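Have a look at the structure below, then the notes.
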């Protein structure tokens, strides 16, 4: 029996700033970063089921279904709410894996937001963000849904206003940077002086992970060097993608058309809000039961 499907956007993100200011006893790094969404991303397709099965449609090379963040997100929402409904979930990937653009985290957040709505689960934004944090440190900001200054391991979020900008995002072909390996690297700077939240520009403002990534992956360094010919540039997240900001679309597209053949990239506008920001209520449904540990 065919099921009606619904499609939802999962936008990529850029880190306009990324500082490593310490490390917790459990090994997690303490960060300060500025997140910005862009109008480029994956598409998540969801079809509701009559049973409680969570089924990934399509394959993602190297990622078993049970390990896929979209499957884990749906199951986490089921467990938290006692929902007995299921879903078929597919992802049309555009965000490159290992690029530091948040693709897996964004897909997971979109599943949480969309299924919370489709199942009528009624969790608040804060409750969904709590579920998301257990899946990955970047998931909460996609649930938060606004440009944000983040602290802690990425879960302490404060909305910020950013000026309009267009971005050229570029990455070397066939290079994926493993986030865990970069954070384990002995040469990673872990003691940057914390900054106070202030007004932020749309321009790249430094990334403490970049020196290690550029040393281990020279193709990323070459990509950043090429972008810097056209303006300030830096790596986003843990790599391998880098970006530069421009005042208008025409300038950004002119630069992107000059990308060398060993690089891939795209042009995107900055977004003030996640496209699904309005899909979740700030307050839950009166009849819902609370997530364990959340009042």
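Quick note: the coordinates plus some simple rules give every number you see, no bench work behind them. None of the values given here were measured: they were computed from a predicted structure. Note that each Cβ is placed from the backbone with ideal geometry, even for glycine, and that neighbours are counted across all protein chains shown.
From the helices alone, meaning DSSP H stretches of at least four residues, give me the mean residue ellipticity at 222 nm for the chain, per-run term -39500 (n - 2.57), in deg cm²/dmol to the nearest 500.
Estimated from H runs of four or more residues: -7500 deg cm²/dmol.
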Exercise. Decide, for region 47-132, between rounded, prolate and oblate: order the square roots of the alpha carbon gyration tensor eigenvalues as a ≥ b ≥ c, take rounded if a/c falls under 1.5, and otherwise choose prolate if a/b is larger than b/c, else oblate.
Key: oblate
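How much length is gained on full extension from residue 67 to residue 258, taking 0.36 nm per residue of separation minus their Cα-Cα distance?
Values: separation 191, 0.36 × 191 = 68.76 nm, distance 3.80 nm.
Length gained, residue 67 through residue 258: 65.0 nm.
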Quiz item: Angle between the Cα long axis of helix 218-228 and the longest principal axis of the chain, 0 to 90 degrees, nearest 10?
Solution: 70
Practice problem: May I ask for the angle, rounded to the nearest 10°, between helix 125-135 and the longest principal axis of the chain, with both axes built from Cα atoms and the value confined to 0 to 90°? | Solution: 70
Quiz item: Using a basic spin-label model with each label point 7 Å from the Cα along Cα→Cβ, how many nm lie between residue 216 and residue 5?
Solution: 3.6
Quiz item: By how many nm would the segment from residue 198 to residue 26 grow when fully extended, if each residue of separation counts as 0.36 nm and the alpha-carbon distance is taken off?
Solution: 59.0 nm
Practice problem: Determine, from the Cβ-Cβ distance of residue 251 and residue 272 and an R0 of 25 Å, the FRET efficiency 1/(1 + (r/R0)^6), rounded to the nearest 0.05. | Solution: 0.75
Exercise. With a ≥ b ≥ c taken as the square roots of the eigenvalues of the C-alpha gyration tensor of region 223-266, please select rounded if a/c is under 1.5 and otherwise prolate if a/b is larger than b/c or oblate if it is not?
Key: oblate
Exercise. State the extension gain, in nm to one decimal, for the chain segment bounded by residue 39 and residue 174, taking 0.36 nm per residue of separation less the distance between their alpha-carbons.
Key: 46.3 nm
Quiz item: Anyone know which of 193, 155, 228 comes out most mobile in the 10 Å Cα GNM of the chain?
Solution: 193
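Sorted by average packing, counted as other Cβ atoms within 10 angstrom per residue and highest first, what order do 3-16, 234-247, 102-115 take?
For the peptides 3-16, 234-247, 102-115, the packing ranking is 102-115, 234-247, 3-16.
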Quiz item: Which angle between 0 and 90 degrees, to the nearest 10, do you get for helix 103-118 versus the longest principal axis of the chain when only C-alpha atoms count?
Solution: 30
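Does region 5-160 come out rounded, prolate or oblate, given a ≥ b ≥ c as the square roots of the eigenvalues of its C-alpha gyration tensor, rounded meaning a/c under 1.5 and, failing that, prolate meaning a/b above b/c?
Working: a/c = 1.80, a/b = 1.54, b/c = 1.17.
It comes out prolate by the Cα gyration axes.
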